[in-house]
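Worksheet for the structure shown next.
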Amino acid sequence: MPKSTLTFDKAACKGCLLCTAVCPPKILELDLTSVNAKGYNPIYCTDIAKCTACAICARICPDSVIKVEREAASGAMSNVERGATA
Ligand code: SF4
Ligand code: SF4
């Protein structure tokens with residue numbers, strides 16, 4: 001499985017849980033230990049090793065919070081997806 005990297009714009013997350021519902025390996029959860037400036041618990045990844053870089057989470061997020069990158073054979077990271085508006 002290719003190595004994946006997830007980057008979250010936690011300040012923009014509104015905790016709507018759309019991404020947690022669609023992630024196939026169920027590795028996205030709200031961080032109940034922190035609150036962003038909007039007053040929401042932001043999203044985080046519980047186990048990046050299980051991420052397939054499918055980018056379903058990035059596509060469904062209405063606020064372009066999630067950036068998904070996947071490692072190419074060369075070792076370079078390529079952008080897979082960052083939401084609908086970025
Ligand atoms: S890229 Fe796919 S597997 Fe990885 S966190 Fe998003 S929905 Fe889950
Ligand atoms: S990352 Fe996007 S889809 Fe997921 S909870 Fe935050 S705002 Fe909702």
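Please treat every number below as a calculation from the coordinates, not as lab data. Quick caveat, the model's predicted, so the values are computed rather than measured. So basically every Cβ, Gly included, is an ideal-geometry build from the backbone, and we count neighbours across all protein chains shown.
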Distance in nm between label sites at residue 47 and residue 76, each 7 Å beyond Cα in the beta-carbon direction?
-> 3.2 nm
May I ask you to derive the relative contact order of the chain, considering only C-alpha pairs under 8 Å and at least 6 residues apart, and to give it as an integer percent?
-> 33 percent
Among 21, 72, 58, the residue with the largest mean-square fluctuation in a Gaussian network model of the chain built from Cα contacts under 10 Å is 72
Name the residue, out of 47, 63, 31, whose mean-square fluctuation peaks in a Gaussian network model built on the chain with Cα pairs under 10 Å.
-> 47
Under the rule that a partner needs its Cβ under 4.7 Å from the first Cβ, which Cys of the chain have none?
-> 13, 16, 23, 45, 51, 54, 61
Quick one: what are the phi-derived ³J(HN,Hα) couplings along region 5-12, Karplus 6.51/-1.76/1.60 with θ = phi - 60°, whole Hz, x for glycine and proline?
-> 10, 10, 10, 10, 8, 4, 5, 8
For the chain, build the convex hull from the C-alpha positions and give me its volume per residue in Å³.
-> 86 Å³
Using a simple charge model, +1 on the beta-carbon of Lys and Arg, -1 on the beta-carbon of Asp and Glu, nothing else, what dipole does the chain show about its Cα centre, in debye to the nearest 20?
-> 80 debye
